[in-house]
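Reading through the C-alpha cells given below for one structure.
The values are calculated or read from the model by the stated rules, or taken from the named source; none is laboratory data. From a predicted model like this one, the values you see are computed outputs, not experimental measurements. So basically every Cβ, Gly included, is an ideal-geometry build from the backbone, and we count neighbours across all protein chains shown. SASA here: full protein model, heavy atoms, side chains in, ligands and nucleic acids out. Shrake-Rupley method; radii C 1.70, N 1.55, O 1.52, S 1.80 Å.
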Amino acid sequence: MEGPLRPRFANSSDFQFGAVATETIENALLHLAQQNEQAVKEAAGRMGSFRESRIVEFVFLLSEQWCLEKSVSYQAVEILERFMVKQAENICQQATIQPRTKTELQNWRALKEQLFNKFVLRLVSCVQLASKLSFHYKIVSNVTVLNFLQALGYMCTKEELLESELDVLKSLNFQINLPTPLAYVEMLLEVLGYNGCSVPATQLHATCLTLLDLVYLLHEPIYESLLRASIENSTPSQLQGEKFVSVKEDFMLLAVGIIAASAFIQNHECWSQVVGHLQNITGITSESIAEFSYAILTHSVGTHTPGQQQPVPHKAARALRTAASSNT
C-alpha cells in the first residue's frame, strides 16, 4: 500500500463513512500503525521543528485561496516540515566540521543564506507538490504559483520553480506521500462507526477538522502544556524537551486526542464510551487520551467563559479524568 487509504471529496462535509469493507479497513489501520511506529522511532533526536503558527497559517490560507481540500494543507505542512528539518540538519552537520579553507566557510554560509532566502519558494513548492497527490484536476499550475510569487515581490522563473520542486523531492528521496494526522483521524472514525459508537462519525468529523486546524496553529503551546502535564513540572529541562520530540510525531496519539475532544464537545455523556473504543483500537491508555484531549480543550475553550466563575477547562478536566479512571 503506497499511502493512507482515503476516499477524497472536494467538500469535507461530503466525506462518506461505512463505504469500505471491514478487511480493507483492518489492513489500512495496521499499515498506518506501522508507519506511525516507524515515524516515532525516527523522530528521536530530530533537530528543530517548522510547524510554527505563522508558517502553518501561511500554508492554510494559501491552500484556501487556491481552493484546495483540507488534506492538501496538512500534507503540505508535513512535506515542508520534513524538508526543512532535513536542510537544517545538513547545515548543523556542516557547522560541526571545522572549516579548513575560506572556500568551505563561504559554501557553508551560502547554504545557510539560501535556506532563508528561498523559504517562501520552498513552501509554495510543498503546497504544489501536495496538490499533485490530491485531485488531479486541482493541481496548482506553474502560472498560478508564479503569479502568486510575483505578487509578493519574488521574481522567479518557471525553471527555478521546477528546480525548487525537484530539490524538495530529492531531499526527501521522492517520499512525499506522507501520512497526515487527518488520515489517522478518519481511519479511527471509520473503525468507531463499525464498532457501534454512539456518536455518529460524520458528526464527529466536522469537529475533528476544526480541532485539527487548531492543533496545527497552536502546535507549540498545546504540546508544551502536554509536556508539563506528563512530567508534572512547569519547567521541563532541555533533555526532557528533546525526548518529547517523538511524542510530537505520534499521529495516532494526536488522532485519539482530537477525536476524544470532539466527542466531549459533541456529547460529553458519551465521552467515556468513545475513549473506551479508542483505547481498545489503539492500545493507548485512557489516561493519555484524557490528558491530550484536555490539552486541546484548554486551548480551544480558553481560560474562562463569561458568566461562569470557574474556568471551563478545569471542569472539563475533572470530568475527563473521572471518566478515564472509571475505564481502567
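Computed over protein heavy atoms with a 1.4 Å probe, the carbon and sulfur contribution to the accessible area of region 171-260 reaches 54%. When each of the peptides 174-184, 147-157 is scored by the mean number of other C-beta atoms lying within 10 Å of its residues, the order from highest to lowest reads 174-184, 147-157.
Here the Karplus curve 6.51 cos²θ - 1.76 cosθ + 1.60, taken at θ = phi - 60°, turns the phi angles of region 209-216 into couplings of 4, 5, 5, 5, 4, 4, 5, 5 Hz, with x standing for Gly and Pro. Normalised by residue count, region 33-83 yields a Cα convex hull volume of 81 Å³ per residue. Among the listed pairs Lys41/Lys132; Lys41/Lys158; Lys41/Lys138, give every one whose C-alpha distance is greater than 32 Å. The answer is Lys41/Lys158; Lys41/Lys138.
For region 80-85, the Karplus equation 6.51 cos²θ - 1.76 cosθ + 1.60, evaluated at θ = phi - 60°, returns couplings of 4, 4, 4, 5, 5, 4 Hz by residue, with Gly and Pro reported as x. Rolling a 1.4 Å probe over the heavy atoms of the protein chains gives region 122-187 an accessible area of 46 Å² per residue. For the peptides 267-278, 76-87, the ranking by packing is 76-87, 267-278, with the highest mean count of neighbouring Cβ atoms within 10 Å listed first.
Here the 3J(HN,Hα) profile of region 194-208, calculated from phi with Karplus coefficients 6.51, -1.76 and 1.60 at θ = phi - 60°, is 6, 7, x, 4, 6, 9, x, 4, 5, 5, 6, 4, 4, 5, 4 Hz, Gly and Pro shown as x. Once Rg and the Kirkwood radius are both taken over the C-alpha atoms of region 153-266, their ratio Rg/Rh works out to 1.10.
Principal axis extents of the Cα atoms in region 176-224, from largest to smallest and rounded to whole angstrom, are 35, 26, 17.
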